[in-house]
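Scroll down for the structure; my scribbles are underneath it.
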Amino acid sequence: MEAYDRLISGYREFKANYLGEDNKEWLKVAGVRQDPKVMMIACSDSRVHPAILTRSELGELFMVRNVANVVPPFEGDGGDNTYHGTSAAIEFAVNHLKVKHIIVMGHSGCGGIGALMDKAISDNTEGYSFIRPWMKIVKNASEFTEQEENTLSKEEKVSCCEKKAILISLKNLAEFPWVKDAVGKGNLHLHGWYFNIKSGSLSEFNKTSEKFEEIK
Ligand SMILES: [Zn+2]
């Protein structure tokens, strides 16, 4: 079946359940408002679908997906000539929905990180005119110490870069003033997740050990 037709057929199946008896109570509330407790900032990658990975239902996750799950630095102007789609979503999640958790989820084999690490790709490379400037937000993740350069394999360096980029995004996130405020009051918790596509394992950043540790 063609990819597009498969979606239409999936939708028809979905709708039959959506309007079914079991969903009536949920629809009474959700038909009026949303009340998610968790925001997730994930990559656009088709293999890393947060709702499917966590078996979440409609209404549970407030989602942003962008190239390489990047959180830009806070820029207070919110100016007319800027396009802060991710920042607007964070503002809505924290100030209006009052989510309790924000998760930044990265993953293995990330195309955005690949573009950042590939020295052959520059700002002038055709097809990367939006990707390259976007990925510069986490540029420091692709810089390694001399020891890392000498000891890590190419594959390890990519995975290290993917994880460091998550930490840069978390740091940027923590610097949004209302995020900082909510975290300080204990009303909001920030998490870094890393999903390995091949092994299916999900790791969480442990602030004490400063390592990504697999969730068993
Ligand atoms: Zn990705």
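Quick note: the coordinates plus some simple rules give every number you see, no bench work behind them. Just so we're clear, the structure is a prediction, and the values are computed from it rather than from any experiment. Heads up, the Cβs are rebuilt from the backbone with ideal geometry, glycines too, and the neighbour counts pull from every protein chain shown.
What pairs from LYS154/LYS198; LYS98/LYS157; LYS37/LYS139 go past 28 Å between their alpha carbons?
LYS98/LYS157; LYS37/LYS139
Considering all alpha-carbon pairs of segment 127-185, what whole percent are spaced by more than 16 angstrom?
57
Going from the alpha-carbon gyration tensor of the chain, what semi-axes, largest first and in whole Å, does one get by taking the root of 5 times each eigenvalue?
31, 22, 19
Give the order of MET105, MET40, MET117 when sorted by the count of other beta carbons within 10 angstrom, beginning with the fewest.
In order of increasing Cβ crowding within 10 Å: MET117, MET105, MET40.
Do me a favour and compute the ellipsoid semi-axes for segment 20-87 from its Cα gyration tensor, root of five times each eigenvalue, largest one first, whole Å.
29, 17, 9
Give me LYS216, LYS157, LYS136 ranked fewest to most by other Cβ atoms within 10 Å of their Cβ, as a rough exposure proxy.
Neighbour counts put them in this order, fewest first: LYS216, LYS136, LYS157.
Would you work out the charge dipole size for segment 34-214 about its Cα centre, treating the Cβ of every Lys and Arg as +1 and the Cβ of every Asp and Glu as -1, and quote it to the nearest 20 debye?
340
Along the charge dipole of the chain, Cβ charges K/R +1 and D/E -1, which of LEU167, VAL183, GLN147 sits furthest on the positive end?
Sorting the options by dipole projection puts first VAL183.
Give me the percent relative contact order of segment 34-214, please, defined on Cα pairs under 8 angstrom at least 6 residues apart.
Normalised by residue count, the contact order of segment 34-214 is 26 percent.
Taking the number of other C-beta atoms within 10 Å as the exposure measure, put ILE113, ILE103, ILE121 in order starting with the fewest.
ILE121, ILE103, ILE113
DSSP loop (so not H, G, I, E, B), at most 12 other Cβ within 10 Å: list which GluC sites (Glu not before Pro) in segment 73-127 pass both filters.
Passing both the DSSP loop test and the Cβ count: GLU75, GLU126.
With the dipole of segment 1-127 worked out from charges on the C-beta (+1 for Lys and Arg, -1 for Asp and Glu) around the Cα centre, which of ASN124, ILE8, HIS101 lies farthest toward the positive end?
Of ASN124, ILE8, HIS101, it is HIS101.
Kirkwood hydrodynamic radius (Cα pairs, Å) of segment 101-216?
Taking the inverse mean of 1/r over all distinct Cα pairs, segment 101-216 comes out at 15.4 Å.
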